[in-house]
Amino acid sequence: MDWRLPSGVTRMVLVRHGKPSEEMKGRCYGRLDVGLAPEGHVQAERAARLLAQVELHGLYSSPRLRALDTAKRLTEGRGLGLQVEEAFREIDFGLFEGLTYEEAERRFPAVYAEWMTHPAQVRFPEGETFSEMRERVRAGGRALRARHPGQCFALVSHGGVNRTLLCEALGMSDEHLFRLDQVHAAVNVIDFYGEEPVVKLMNAEP
């Protein structure tokens with residue numbers, strides 16, 4: 001990809017966090033604050049190398065440790081402070097947090113069944129709906145673009161956050177959200193020509 005920023009274009013670089021700690025494998029985790037697995041640190045370093053030559057005017061992160069651990073790699077050698085933004089935390093799974101999928105299905109069969117059939121509509125018990133997450137993420141995205149008109153900035157967060165912003169840019173409906181893959185440490189680029197978004201790069205594995 002040509003990383004030169006065209007005049008007047010605002011560029012949003014979206015990075016998913018690296019692979020989280022192994023104890024979360026097969027479990028629901030959104031609000032839970034887990035760090036990176038050893039492989040996740042390697043992935044974060046690769047993402048940092050991919051973006052090393054990109055001039056950033058802002059670097060933002062979800063407050064979750066797995067995102068912060070990834071974002072800190074991007075700060076190295078830049079002299080650029082890392083700013084934490086609550087708007088970009090992952091969806092809150094409520095009482096599903098920390099459960100395996102089998103445990104969630106056993107304890108909350110009706111909610112689990114709805115999740116499997118209508119993932120963008122379900123409300124997790126004592127947690128969020130996708131629409132609630134979508135609204136805070138989109139509002140956060142607009143706020144960051146307003147801070148950096150004509151500049152390039154990066155946001156390190158989560159698969160759900162990236163999909164939400166990509167879906168908005170592509171004009172996709174909520175029910176098609178999971179057609180967009182986001183591997184660990186995936187890099188995505190959205191250029192904004194005024195208010196008109198153009199997806200330049202998606203799900204690039206560093």
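Under the definition of Cα pairs under 8 Å and six or more residues apart, what whole-number percent is the relative contact order of the chain?
33
Output the peptides 103-109, 86-92, 160-166 sorted from most to least packed, where packing is the average of other Cβ atoms within 10 Å over each peptide's residues.
Ranked from most to least packed, the peptides come out as 160-166, 86-92, 103-109.
Between 0 and 90 degrees, rounded to the nearest ten: what's the tilt of helix 130-147 against the longest Cα principal axis of the chain?
Between the helix axis and the principal axis of the chain, the angle is about 10 degrees.
With only alpha-carbon pairs counted, each pair once and no self-pairs, how large is the Kirkwood hydrodynamic radius of the chain in angstroms?
Computed over Cα pairs of the chain, the Kirkwood hydrodynamic radius comes out at 17.3 Å.
Please report the projected area of region 134-188's Cα convex hull averaged over all directions, in nm².
3.9
Using the alpha-carbon atoms, what tilt in degrees (0 to 90, nearest 10) does helix 159-170 show relative to the longest principal axis of the chain?
Helix 159-170 sits at roughly 60 degrees to that axis.
Amide H to amide H under 5 Å from Cys152: which residues, 5+ apart in sequence or cross-chain, H placed 1.01 Å off N in plane?
When sequence neighbours closer than 5 places are left aside, the close amide H contacts are Arg11, His57.
What is the packing order of peptides 190-201, 170-181, taking the mean over residues of other C-beta atoms within 10 Å and listing the highest first?
190-201, 170-181
Accessible area of the chain with a 1.4 Å probe: how many percent of it is carbon plus sulfur?
48
Please work out the Cα center distance from region 151-203 to region 54-93, rounded to the nearest Å.
So the two Cα centres are separated by 16 Å.
For the chain, what is the calculated [θ] at 222 nm in deg cm²/dmol (nearest 500), taking -39500 (n - 2.57) for each run of four or more DSSP H residues and dividing by its residue count?
Theoretical 222 nm ellipticity from helices: -10500 deg cm²/dmol.
Kindly express, to the nearest 10 degrees and within the range 0 to 90, the angle between helix 38-50's C-alpha long axis and the longest C-alpha principal axis of the chain.
30
How big is the dipole moment of region 64-206 about its Cα centre under a simple scheme where the beta carbon of each Lys and Arg is +1, that of each Asp and Glu is -1, and everything else is neutral? Debye, nearest 20, please.
My answer is approximately 520 debye.
Using a Cα-Cα cut-off of under 29 Å, which lysines could be cross-linked to Lys200, ignoring same-chain neighbours fewer than 8 residues away?
Here the lysines satisfying the reach criterion relative to Lys200 are Lys19, Lys72.
How many Å² of accessible area per residue for the chain, probe 1.4 Å?
Values: 9670 Å² over 206 residues.
Ligands and nucleic acids excluded, the figure is 47 Å² per residue.
List residues of region 1-40, by number, whose backbone nitrogen lies under 17 Å from a label position 7 Å along Cα→C-beta of Gln83.
10-15
Place +1 on the Cβ of every Lys and Arg and -1 on the Cβ of every Asp and Glu in the chain, take the dipole about the Cα centre, and give the residue among Met172, Asn188, Pro149 whose Cα lies farthest towards its positive end.
Value: Pro149.
Find the relative contact order for region 1-108 and round it to a whole percent, using C-alpha pairs within less than 8 Å whose residues are 6+ positions apart.
It comes to 32 percent, rounded to a whole number.
Mind checking the dipole of region 76-148: about its Cα centre, +1 per Lys or Arg Cβ, -1 per Asp or Glu Cβ, Debye to the nearest 20?
Numbers: 11 positive and 14 negative charges, 110 e Å.
I would put it at about 540 debye.
May I ask you to evaluate 6.51 cos²θ - 1.76 cosθ + 1.60, the Karplus curve with θ = phi - 60°, for each residue of region 189-194 and list the ³J(HN,Hα) values in order in whole Hz, giving x for glycine and proline?
Once θ is set to phi - 60°, the couplings for region 189-194 become 9, 10, 9, 10, 9, x Hz.
The values are calculated or read from the model by the stated rules, or taken from the named source; none is laboratory data. Fair warning: this is a prediction, and the values are worked out from it, not measured in the lab. Quick reminder, even Gly has a Cβ in these numbers, built from the backbone with ideal geometry, and neighbours come from all protein chains shown. With ligands, DNA and RNA removed, areas are computed over all heavy atoms of the protein, side chains included. Shrake-Rupley method; radii C 1.70, N 1.55, O 1.52, S 1.80 Å.
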